[in-house]
Structures are given as C-alpha cells and as structure tokens.
1. Would you mind checking K2/K126; K8/K118; K113/K148; K104/K140 for any pair whose Cα atoms are more than 20 angstrom apart?
2. From Cα pairs below 8 angstrom and at least 6 apart in sequence, can you work out the relative contact order of the chain, rounded to a whole percent?
3. With n ≥ 4 as the cut-off for DSSP H runs, can you work out [θ] at 222 nm for the chain, using -39500 (n - 2.57) per run divided by the number of residues, rounded to the nearest 500?
4. Translational diffusion coefficient, Stokes-Einstein: compute it for the chain using the Kirkwood radius over C-alpha pairs as Rh, at 10 °C and 1.306 mPa s, and state it as an integer in µm² s⁻¹.
5. I need the phi-derived Karplus couplings for the stretch 135-142: 6.51 cos²θ - 1.76 cosθ + 1.60, θ = phi - 60°, integer Hz, Gly and Pro marked x.
6. Return, for the Cα atoms of the stretch 62-129, the radius of gyration and Dmax in Å, separated by a comma.
7. Put a dot 7 Å past each Cα toward the Cβ at W164 and L122; how far apart are the dots in nm?
8. With +1 assigned to the C-beta of every Lys and Arg and -1 to the C-beta of every Asp and Glu, and no other charges, what is the dipole magnitude of the chain about the Cα centre in debye, to the nearest 20?
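Values in this text are rule-based calculations from the coordinates and carry no lab data. Keep in mind that this is a model prediction, so the values were computed, not measured. Glycine also receives a Cβ, built like all others from the backbone with ideal geometry; neighbour counts cover every protein chain displayed.
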Amino acid sequence: MKLIKPTKKYEQSWKAALAEFQAEERKGFWNWEKEPDNLDDYMKQTRNNEKGKGLSESFVPSTTYWLIDNDEFVGHTNIRHKLNEHYRKIGGHIGYYIRPSARKKGYGTKILKLALKKARRLGLKKVLITCDESNIASQKVIEKNKGKFQDKIPSDPEPKLRYWIEL
C-alpha cells in the first residue's frame, strides 16, 4: 500500500472509482472546482495546485496523492500547504476520500496515516482535519491517528467537527 501522485498507470482503476463516487451522488474530494472526467487535465491541475499556479481565490496550494493497494486506486488525499480563512473553519489541512467499494476495510485510517507523514515532510508541525458531525467513520479515522477534538462549528448542511494532530 502506498501514496503516489496521480499517474496514467492507474487510469482504469481511477475511472472505475470515479464512477462509484458519481453513483453515490456525493461530490468527491477533488480540490478542484469541478468533478474530473479527463485524467490528463486532472493531473495537470493537481501539478498546478501543488505549485500554487492558477488557483481560484478560495483555494490554497495543495498536493494530491492517490492510495494504491494491489495495483488498484483505493482513494485520494489532498494536503493543503497552508490554511486560508475558509479552510481554518471547514476542510483543514488534509482531506481524504475512499472509494465506496473499498470502505470499511481500514483504508481511511491508512490513508490519513500516510498523509500525515507527507504533511510533516512539507514542514507542517500540526494539522487541522475536519469532518461532518454525522460522519462517524471519519471521526474514528481521525481519532485513531491521534486527532484531538477542538470544537464543533456550524456549517451547511450540517455542523463540522474540528480536530488537531501534532506531527
């Protein structure tokens, strides 16, 4: 199991995961203003995001990684290099998303653990991670990775829970 930057090698698996995300009618966590549909464009966008190039006002520089297990795309994570006002409230430094067919298998805990190592290499000393109040699975993932609950803040459509993790 490893975190890698997006690559054509796993395009078929990524497309299958994208179809799963779309079937559940929830927006995936893409750190882009639209759902990706073309891997080449998506990879270019993630490289630009990492360099802070062409970001809209609401975004900050971030690095995208894919979680690969047994040569399959399992999920993705975005590590924001810094926070703006929005991400201080909602989103935090790290977001992660596991494809529906791979959930409840420990991948959420693993992707966050690996993302924390990458965040440390970026020079971050502690990271903010948030989740929806109803997302019990994500709460458990954060807590298994030593997340310390800070507070609950109002958000639409539901409150967000905010946690800090010391690196």
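1. Exceeds cut-off: K2/K126; K8/K118.
2. Contact order relative to length: 19 percent.
3. Using -39500 (n - 2.57) per qualifying helix, the result is -10000 deg cm²/dmol.
4. Translational diffusion coefficient: 99 µm²/s.
5. Working through the residues one at a time gives 8, 4, 4, 5, 4, 5, 4, 4 Hz.
6. Cα radius of gyration and Dmax of the stretch 62-129 are 12.2, 38 Å respectively.
7. Roughly 1.8 nm, to one decimal.
8. Using Cβ point charges on Lys, Arg, Asp and Glu, the chain gives about 1020 debye.
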